[in-house]
Every structure is written in structure tokens, then in C-alpha cells.
Amino acid sequence: MSRLSSHSIARSWIGVALVAALWAGCGSLPPSAQPVRPANLQRAKVFLAAADFRRAVEACRQEVQERPSAESYLYLSYVYQALEAYVESLAKADQWVAMEHVYLNLTSGTPEDLVDPPNVLARMAKEMIQAASRQQADVAAELATRLDASVAARIWPQQTAWRKVKPDGWWFAVPPEWAW
């Protein structure tokens, strides 16, 4: 009987040790088994494709916050320019309902908006969005140039070439050289 109880005790301690080892290792999966989280710029790229400019700006701002660099500021500037260009394309195509949707996307995003929606005339929204986007793009570009003018000199031509290749929709994507 004493032999059985010492055997049971030994098994219990082994069980406790195994549980402790498993519990300690829960947070550390091998690198190949860990889920891959998209980077801020990868998320921004998806948001651009969806024309979700509020989230694209937020993702680029997060990139600036986490990894400030001339590149991150230029990418933020690009997103503001993309927003401005998209708004202009909607105005030229006389798509004022879509313009209102852009405005709502930029100003809303909380459950309270369901009971107290922000309303604005679409043409007013166009002017406000374009003016603010232009200003923010200029600020971000200036900050990038202050950090590293050579990076700005490299990235701006890539953006210009991309706009020429995709004149009717460049604002939904980024130049392939950027590899977001």
C-alpha cells in the first residue's frame, strides 16, 4: 500500500511538472507556428484598396509612431494625396452620394453614428476633405524631407511614375516598389 501511494505521489508530481511546463510554454510557440500579423503598411494597403481612407491614414500614422522615418512620413503623405485624388475623381464623375460616403467614413465609425449620424452636403465635404488632405500631405512630406532628403528624392519619382501608369485609380494602391 505504501508502495502504491508513493507511486501515485510520483505520478502526481510528474503531472504537475508537465502542466507547469505546458503552462509556461503557452506564450512561446515556435516561430513557424506563430500567427503572422500584418504590418501597419500592409493593413494600409488593404484599406486603400477598399477606399477606407480613415483606416489607411490611421495605419500609416501608427507606422510613423512605431517606426518614424522619412519613408513612413512619405507613405502617410501618399495616403493623404490618394484621398484627395479619390475625392476629386468622385467630383469629376458627379458621384456625390459616394462623396458623402467618404465623408462619413472619415468622420464616423462608432455605434453612436447610428442614432446621431453626421450629415454634410457632399460638395462642402469635397472642399473640406481636399483642403485638409492637401495640408496634411504637405506637412508629412516636409517632415520626411527634413529627416532624409535623399529618401524623398528616391520615393517621389516612384510615386509619380505610378500615377502615370494608373491615372484612373492609383489612389487604391501603392507603387509596387514599395512592397507593402
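The table for this structure:
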| read-out | value |
| --- | --- |
| Test set (1) among the hydrophobic types (A, V, I, L, M, F, W, C); (2) in contact with a Cys (Cβ under 9 Å, 6 or more places away or on another chain); (3) touching a residue at least 60 places away in the same chain (Cβ under 8 Å) - V79 fails condition number | (3) |
| Condition check for E177: acidic (D, E), within 22 Å of R43 (Cα to Cα) and in contact (Cβ under 8 Å) with a residue 12 or more places away in the chain | yes |
| Of all residues making up region 64-102, the number that are of a type in the set (G, A, S) and out of contact with any helix residue (DSSP H, G or I) (no Cβ under 6 Å at 6 or more places or on another chain) | 3 |
| Meets criteria (farther than 19 Å from V57 by Cα, without any contact (Cβ under 8 Å) to a residue 12 or more places away in the chain and among the polar types (S, T, N, Q)) for T110 | no |
| Filtered residues of region 42-80 (kept if surrounded by fewer than 20 Cβ atoms within 10 Å (Cβ to Cβ) and in contact with an Asp or Glu (Cβ under 6 Å, 6 or more places away or on another chain)) | none |
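Read the figures in this text as sums done on the coordinates, not as results from a lab. If you're wondering where the values come from, they're calculated on a predicted model, not measured in any experiment. Don't worry about glycine lacking a Cβ; one is built from the backbone with ideal geometry, like all the others, and counts go over all protein chains shown.
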